[in-house]
Every structure is written in C-alpha cells, then in structure tokens.
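The values are calculated or read from the model by the stated rules, or taken from the named source; none is laboratory data. Everything numeric in this text was worked out from a predicted model, so none of it was measured. Here Cβ is always computed from backbone atoms with ideal geometry, including for glycine, and neighbour counts include all displayed protein chains. All accessible areas refer to the heavy atoms of the entire protein, side chains included, with ligands and DNA or RNA removed. Shrake-Rupley method; radii C 1.70, N 1.55, O 1.52, S 1.80 Å.
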Amino acid sequence: MQISFAAPGQVGSGALVLSVQDGGVLSSQAARYDEMTAGALKRAIEVSRFKGQAGQSIEVLAPAGVKSSRIILAGVGKGEKFDGNAAERLAATIAGRLLASGEQTLTFALDAPKRAKISEAEMAAHLATGAYLRSYRFDHYRKLGEDEKQTLKDVVIATNKAQAARKLWTDADAINEGIFVARDLVNEPPNVLYPDEAAKRASQLKKLGVKVEVFDVPAMKKLGMNALLGVGQGSTHDARMVVMQWNGAKKSAKGKDAAGPLAFIGKGVCFDSGGLSLKTGAGMMGMKGDMAGAAAVVGLMHALAKRKARVDAVGLIGLVENMPDGNAQRPNDIVKSMSGQTIEILNTDAEGRLVLADVLWYAQSRFKPRFMINLATLTGAILVALGTEHAGLFSNNDELSQRLTKAGLKEGELVWRLPLGDAYDKLVKSKIADMKNIGGPNAGSITAAQILQRFVNKVPWAHLDIAGVAWQDGEQRPLAPSWGTGWGVRLLNRLVADSYE
Ligand code: BES
Ligand code: MN
Ligand code: ZN
C-alpha cells in the first residue's frame, strides 16, 4: 500500500472520506462536498441514524457532481476525545472495508475536529498508520479468489500540513515495517520457521546496519547455557541464540554510551509441544506463536535501525523447539544454568523460563545494560488473569514500570503490573536443586516471573507476559488484521523514543 500526503485542493477520483462531528455537523470540507453534490450528504445523514458519533460512518455511492466514486462520512464525535488512537482506528476501519472493494484509491480529507488532542500533521500521520497497519496480509500459502484480492493501492491523506506529516510518517513507516516483520515471523508455520530459519530472518537486519551474531549449539554449550539447551534437545532442529546490536547513540569520548545499551530479550520457542509433559491437542493450537516475544524483539530492532534511533540497543533471542523424543529432557532432570544455579525440571512444558534464564544472564553479563526488558508468551495463566486486553508486567523497578505503562497507553498496547515478592519466590524452592521450574497450582504467571527474576541482578528489569496479546483467534483488532498481532514493537519503540533518545 502506497501512502502519500497532499494538499486538500488536489483530491482526485476514488473513495473520499470526510468528517462529521456529533449532532451531524459537517466539517467545512464536507460542507463543500455537500454543495457540489446538491445536498446529498446532508440528506444521507437525515435518512440514517448516523449523526457523527465517533467510530461510525456511512457511505454515499457514486454521488453526482463530483469525481469521487464514493463519499464516506466518518464520525469524529465531539472532538475532544479525538486522539491518535481514534484517528488510527477510524482509518483502519474504513481502509479495511475498502481493501478488496474494487476501489484503488482512498483519500482522507478530514478536518481536525475542534478541541482535538492532536495537531493536524499528527492526525495525518496517524490516519496513514491506521490504514497501513490494516492492510497487512499473510497470504503466502494460499490462492486468493478474484474477489478476495486486495484492490486498494493508494491511500492519500489530504492535509494543509503535508510536509510536516511526511516527516512524521518517515518514522511511523519504519515502526510499521517493524510490526509487519514481527507479524510475519509469528504467522509463519513451524515447519518453515524453526530456530535456524528464524535466526536467518533475524540476520536480515544486517541490511539496516544492525550487527548480528548467531550462536549455535556448541557455542552455547561453551557458555554453559544448559537451561536453554535442555529445552531444545528433543528436537531435530538445533537451538540458536541471536544477538542483534544497534549502535545509534551519539558517542561519548570513550566511544560508548556510558550508561550501557538498552537490552531487549525475547522468548523464541518456535513450537511448544510441551515436550515430554506433552500438551493436549487443543493446548498445542497456536503454539507456533510461542516465539512472539522473539518476533517483537526482531521487529523492534528493525524499527529502531530503520528510523536510525539515537540510542544503543541490543536484542537477544533464544530460539528452540520444545519436542518430545528419546533425547528429550525429562521431568526430574536437573540442569545447571549459565548463572551456575541449578533447576529441577518438574514440567517440561514450563520451558520459556528456562530459555530466558540463560539469555537474561548472558545479556546482563556481556552488555551491562541500562535496563533489560524481556517479552515472552510465558504462561496460560496470564490469559486467565488479564484476558486479551493487557499484557502482564512484572518488574523490579517502579520508574521503568511507569514508563512502560505510559507508553502502552499512548500506543494502544496496554500493560498491567502484577506483584513479585519473597512469599511467591518461596513457591519455586526445590529440595534437591536451587529451584524447581514450576510453582504450585496458584499464581502461575507470578511464580514464572519469580524464576526469571532469579537470573536478574541489580539491573532495572521488566518482564512482559504477552501470551494473551501476541495472537488472536476470535474477533480481530481494527489495526491488526492477522493472527499474529506484532504486539510490543510500538510499545517498546515509544518507550525508547520518549525516555532514552
Ligand atoms: N507457551 C506456553 C504458555 C502459553 C499458553 C502461551 C497458552 C499462550 C497460550 C508455556 O510454555 C507453557 O506451556 N506454560 C505452562 C506452564 C505450566 C506448565 C507451569 C502453562 O501456562 O500451562
Ligand atoms: Mn510450554
Ligand atoms: Zn511455551
């Protein structure tokens, strides 16, 4: 989909979107079109229930007197609640309806509603983002029927602030690209995207100036990453770890960002069968997406590099396939992690924490980062607690938590903080090793987080349990039309941009 910004006078043919405020009040551009169409727009409002409510719209097909093939009247409500998220949802909903409608061009010519929370240029860039994110498809493996093929090619945002909007769009485009990268990785089937293939895809970041290192099994053995390796040992696909470095910060005299890089760590279980603690058939559904944390990290690194973020950031992903096999890890095994701590495996399906234990330890030992944030589809229990609206946030640092919460509200990727504490930590004590890999029947997301925390020293750290938000089976979000949502790229990009650049 091609996005462009143009002056309002240049509107051509195709579908045209105009705004209407609460009470059926036409914007000035809508009023102009109402005149040209001899009152067709006002009449359309009169004969319908549409009165400019936010989120609603009506369509006037083939209006006489204008070049447009259809005019869509989009409600922006009273105006004061019209923010970036509202603009994106509006554009996404309308673009979604027109994607395969036969229309090739869609022009948004909205007047920024009075008392709106955003500038005109911001509104333009958000409209573009909404339409663009909605245009995502994952169609590599099927033939499309003639009427399913996407026809919409050009989205034009008509605005008096075209130049300022284009500037904002350069960054937004980079972030949106990163989201598409993450979605593609999550959507790929597990027979295609196994650890080595995922590492190869991550290696494409080199084209953007990211330094990429891939660690194979012998390299990880040498480092002592036995917790991660134990998870992968039942698979015919060998494990990998990928380290991605983006060095965009202005350099101090020493040539390094004194505070250390920001570190992002992702769980990359390319398929989670549960291992010998085998999942049920139903429980295995969607487990190709158990690498969504890793996908978000790759997408984020893409976004940061593409928009040349002035920050030093490292992304680390642990890639394994969790399979049952004669060589698979057993419940009752004890593994020694890279940190030296031993873990009694009591359920091979609690594998994400084992992967992250070693990658977190490696990240903090090698990079001395300013903070560590990990993303993981870690527990089914987080779905029980928070559903699909919020990701779970666990952290040892109030400031980092607040920043993440704020960034989430801005970007529409919400997080909700849950507690950590000694009383919970006790639940993962083992009689025979330094810890066991599961807690009891209660507080499953928290005990998982407690295990991660045992591999984090003094560094500020946050764990995002994204099992509820990384993919969607039922109704789809307006901005995320595919199974994989790409959740986390926007959130973390916003965090970086607002607090660390
Ligand atoms: N990948 C799963 C968590 C998951 C479940 C993600 C459902 C998305 C949807 C994780 O590896 C897992 O299996 N966790 C177990 C932990 C348990 C054995 C302590 C779980 O949540 O059941
Ligand atoms: Mn599992
Ligand atoms: Zn898993």
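In a shell of Cβ-Cβ distance under 13 Å around A74, excluding A74 itself, what net charge do Lys and Arg (+1) and Asp and Glu (-1) give? Counting the neighbours of A74, the net charge comes to 0. Simple rule: put +1 on each Lys or Arg Cβ and -1 on each Asp or Glu Cβ in the range 105-246, find the dipole, and look at Q163, T107, A125; the Cα lying farthest toward the positive end is Q163. Once the other residues with Cβ under 11 Å from the Cβ of A165 are scored (Lys, Arg +1; Asp, Glu -1), what is the net sum? The answer is +1.
For the peptides 479-490, 160-171, the ranking by mean Cβ contacts within 10 Å, running from highest to lowest, is 479-490, 160-171. The alpha-carbon of K436 sits under 14 angstrom from the alpha-carbons of these aspartates and glutamates, leaving out residues fewer than 8 places away in its chain: D333, E344, D349, E351, D425.
Our compactness index for the chain, the C-alpha radius of gyration over the empirical 2.2 N^0.38 Å, is 1.05. Judged by the ratio a/c of the largest to the smallest principal axis of the C-alpha gyration tensor, the range 23-116 counts as oblate, that ratio being 1.5 or greater while a/b is no larger than b/c. Summing Cβ point charges (Lys, Arg +1; Asp, Glu -1) relative to the Cα centre of the range 82-201 gives a dipole of roughly 280 debye. Taking 32 Å as the limit for the C-alpha separation, the pairs K161/K410; K143/K288; K211/K406; K251/K288; K67/K161 exceed it in the case of K251/K288. Think of each Lys and Arg Cβ as +1 and each Asp and Glu Cβ as -1; about the Cα centre, that makes the dipole of the range 74-140 roughly 240 debye. When you count the other C-beta atoms within 10 angstrom of each residue and take the mean per peptide, 440-449, 285-294 line up highest first as 285-294, 440-449.
Ordering L61, L144, L354, L427 by accessible surface, largest first, gives L61, L427, L144, L354; the 1.4 Å probe counts only protein heavy atoms, with every chain in place.
Over all other residues within a Cβ to Cβ distance under 10 Å of H237, the charged ones net out to -3, with Lys and Arg as +1 and Asp and Glu as -1.
Placing +1 on each Lys and Arg Cβ and -1 on each Asp and Glu Cβ, with no other charges, gives the chain a dipole about its Cα centre of roughly 1240 debye.
When peptides 7-17, 335-345 are sorted by average Cβ neighbour count within 10 Å, with the highest value leading, the order is 335-345, 7-17. Positive-end ranking of A38, A462, W483 along the dipole of the chain, with charges on Cβ about the Cα centre, is headed by A462.
Rounded, prolate or oblate: which fits the range 342-420, taking a ≥ b ≥ c as square roots of the Cα gyration tensor eigenvalues, rounded meaning a/c under 1.5, else prolate when a/b beats b/c? Here the range 342-420 falls in the oblate category.
For the chain, the longest principal axis of the alpha carbon atoms and the long axis of helix 292-306 meet at an angle near 60°.
Relative to the longest principal axis of the C-alpha atoms of the chain, give the angle of the C-alpha long axis of helix 162-187, reported between 0 and 90° and rounded to the nearest 10°. Roughly 40 degrees between the two axes.
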